[in-house]
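Everything below concerns the one structure shown next.
The values are calculated or read from the model by the stated rules, or taken from the named source; none is laboratory data. Every value quoted in this text rests on a predicted model; they were computed, and no experiment measured them. Positions of Cβ are backbone-derived with ideal geometry, glycine not excepted, and every protein chain shown enters the neighbour counts. All accessible areas refer to the heavy atoms of the entire protein, side chains included, with ligands and DNA or RNA removed. Shrake-Rupley method; radii C 1.70, N 1.55, O 1.52, S 1.80 Å.
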Amino acid sequence: MTATATATATEPTRFEDDLDSDFSADFSAGATGANRRGGGWRRVARTVGTGILVLWGAATVTFIAVNAMPGNPAIAMAGGAGSHPSKALVAAVTAQYGFDKPLVIQYLMYLLQLVQGHLGFSSSQKMQVVDVIAQSIWPTLLLTGSALVLAWVIAIASSLLTVRRRRAVSSLGSGLEVLSAALPQYWLGIVLLEVFAFSLGWIPATGGTGVVGLILPALTLAIPLAGFMSQVTRDEFDAALEQPFVVSARARGMSDGGVRVRHALRHAILPGLTLSGWAIGSLISGAVIVETLFSRNGLGGALLGAVTQQDMPLTVGVTLIVALTYVIANIVVDAFYVIADPRLRSRS
Amino acid sequence: MTAIDSHTSLSGVSSRAASTTRLLGRLRIGPILSVVFLLFLVVAVVDPSILTHYQPLAVDPAHSLEAPSVAHWFGTDQSGRDIFARVVYGASASLSIGVIATALGMAVAVILGVIGGLGGRFVDGVISRVLEILFAFPALLLALLFVTIFGASVTSLIISVGLGSAPGYARMVRGQVIAVKNAPYVEASYVLGHSRARILRQTILPNAMRPLLVLGTLGIGQSIVWASSLSFLGLGAAPPAPEWGAMLAAGRDFISSAWWGEFFPGAMIVLVTLATTSLGRYLARRLEGRGSEA
């Protein structure tokens, strides 16, 4: 969850009892395969349905937000009072969104505008919201995507190398996980900048768009997430290594490392997968901070600019895009789930 | 502590007991250090002048941006103010933001969770969907939306962080209430003829709330991190105030020349989070142990 922002160590267990939830599927189910309703692909279909509901809800929440703003919403959508929109523009926006009509009609017209992709004009960026998003979404997706991959690599490596090893190694692994999950991104980013950019001078502080410039921001996002994901993978890995199939694989003469990679890993990544869907949202939150810290272009920076200048259309636009990303990520995660866990296929 | 060790090794399934003992052995030092650190914070909140003779707002331009030294343990900021003093004096503001925001989030969560857990299929369905929708908003985003509407201030900081964390807690409360309401002792209470209100107050709530104690401990650290993240972005407490997040915001302009202005307030936040996490996990294990024994 939440989390963001980084999340607490028990974030995953928070939902353990919630068997009805679509998105935060039961984390404990990986090892047992029990308490999961319906077949795998039906689960995907349900996620799509819930996703549409979530998008509608997000649009509604932002509609309420626009209306809760002090001042005339038509002026806000036309670029805000600060940009002194002309009377003609305000009148045009009023007609387009129906701000002179009853609230219910306004709401329906607002939804209609959204479905058609009309998100309004951004006063802080002086262009259409759609164009701002089109421009800034790729750097952010690149950043969050590489952070997610990096987090997975770290989490899996940590589980493979430290679960059920010598006590000192295990403690070191789990201690580091707790520590990294507790690191706020802005602070970790500052420490990384200080060490690798200013003191050692290995990496330029603002590396631009290249791969080198991506290293520190991606690490800043990935390390807390990895700490948090590997705590979940660790528990699951630990439980998987106690299963009878591990003993039988060892009895067949498979090496300990082989059992870990070929058998236990598949079980251990399931809860982490579910977490990944959630993580996309938290990574985008983190991107707001990291993009500010490393002066990178992206959705986060655009959003922060919009918030500080009370640029409502852009705030709404970015919010909806984030909700959409979250929904798509969860659908992808559910599909991965079916691929990773064959038990889900046979039951459908 | 030894009492707990012997207790776990005596009880039932050997592998589980062994792993519990191992965990306790490993983290025994953690809770102790956490308590020591939290005591230090309590002193900082109650009477900060015990810990430092510097004043948090005393400007000394001759000693601006000085690196940490014997005189200034954590260095000085751009106006020559002692950062250690500011960190110590800032504890009460930062901790209250965390505690109040967590309490607010929990209160909203308990209301939503109990209504969802005890309400009929329809009510529960509506609440579950609402929570799911709120969940699609990363907490920071919800907070940003809130700050856009109501402007940046400590109050909107607290409310936005509290509301942002509520959906997560609410799911947990709902699950707990559903688990508890079907327990035999609740049924027994019905049979005894207790009123619904009494069952809710005396039987369901106390049992459903227990895990919230752990979550609350963990949540305080998290709330402080979120609040400070917003402050870091310039959306919280205004800079001259000795508050950790505001110090982070002020120090941002000097990152390349004076790392200590950002490092120490941030380190305090990391330590608070670690302390509450370690304590929360310890509490969780204690409660879990008691549950399995019963």
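Report yes if B:S14 is over 29 Å from the mean Cα position of the chain (by Cα) and modelled with pLDDT of 75 or more, otherwise no.
Here the answer is no, as B:S14 does not meet what is asked.
Pick out the one residue from A:G305, A:G301 that is touching a helix residue (DSSP H, G or I) at 6+ places or on another chain (Cβ under 6 Å), surrounded by fewer than 24 Cβ atoms within 10 Å (Cβ to Cβ) and not aliphatic (A, V, I, L, M).
A:G301
What do you reckon, is B:G105 in contact with a Ser or Thr (Cβ under 6 Å, 6 or more places away or on another chain), crowded, with 24+ Cβ neighbours inside 10 Å and more than 10 Å from chain A (Cβ to nearest Cβ)?
Considered against the rule, which asks whether it is in contact with a Ser or Thr (Cβ under 6 Å, 6 or more places away or on another chain), crowded, with 24+ Cβ neighbours inside 10 Å and more than 10 Å from chain A (Cβ to nearest Cβ), B:G105 comes out as yes.
Before we move on, is A:S159 within 14 Å of chain B (Cβ to nearest Cβ) and of a type outside the set (A, V, I, L, M)?
Here the answer is no, as A:S159 does not meet what is asked.
Give the number of residues within the stretch B:259-275 that are surrounded by 24 or more Cβ atoms within 10 Å (Cβ to Cβ) and at the interface with chain A (Cβ under 7 Å from one of its Cβ atoms).
4
Quick test for you: out of A:T292, A:T325, pick the one residue that is outside any loop (DSSP other than H, G, I, E, B) and more than 8 Å from every other protein chain (Cβ to nearest Cβ).
Step by step, each of A:T292, A:T325 is checked, and only A:T325 is outside any loop (DSSP other than H, G, I, E, B) and more than 8 Å from every other protein chain (Cβ to nearest Cβ).
Condition check ((1) out of contact with any Phe, Trp or Tyr (no Cβ under 7 Å at 6 or more places or on another chain); (2) more than 10 Å from chain A (Cβ to nearest Cβ); (3) surrounded by fewer than 24 Cβ atoms within 10 Å (Cβ to Cβ)) across all residues:
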{"residue": "B:M209", "(1), (2), (3)": "yes, yes, yes"}
{"residue": "B:G221", "(1), (2), (3)": "yes, no, no"}
{"residue": "B:W226", "(1), (2), (3)": "yes, no, no"}
{"residue": "B:S229", "(1), (2), (3)": "no, no, no"}
{"residue": "B:M247", "(1), (2), (3)": "yes, yes, no"}
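Pick from the stretch A:170-184 the residues that are of a type outside the set (G, A, S) and either away from chain B (no Cβ under 12 Å) or under 28 Å from B:A227 (Cβ atoms) (or both): which of them is most open to solvent (accessible area, probe 1.4 Å)?
Once the filter is applied, the top-ranked residue is A:L176.
Which count do you get for residues in the stretch B:119-129 that are more than 27 Å from the chain's Cα centre (by Cα) and aliphatic (A, V, I, L, M)?
2
Going by what's in this entry, would A:S123 be described as open to solvent by less than 40 Å² (accessible area, probe 1.4 Å), touching a residue at least 40 places away in the same chain (Cβ under 8 Å) and within 14 Å of chain B (Cβ to nearest Cβ)?
Against the criterion (open to solvent by less than 40 Å² (accessible area, probe 1.4 Å), touching a residue at least 40 places away in the same chain (Cβ under 8 Å) and within 14 Å of chain B (Cβ to nearest Cβ)), A:S123 qualifies.
Take the residues in the stretch B:74-90 that are at pLDDT below 75 and open to solvent by 10 Å² or more (accessible area, probe 1.4 Å), then tell me which one is farthest from B:R252 (Cα to Cα).
B:S79
Can you name the residue in the stretch B:120-133 that is more than 8 Å from every other protein chain (Cβ to nearest Cβ) and of a type outside the set (D, E, K, R) and, of all such residues, is farthest from A:V54 (Cα to Cα)?
B:G120
What tally of residues in the stretch A:165-204 results from selecting those that are of a type in the set (D, E, K, R) and either touching a residue at least 24 places away in the same chain (Cβ under 8 Å) or farther than 26 Å from A:D256 by Cβ (or both)?
Number satisfying all stated conditions: 2.
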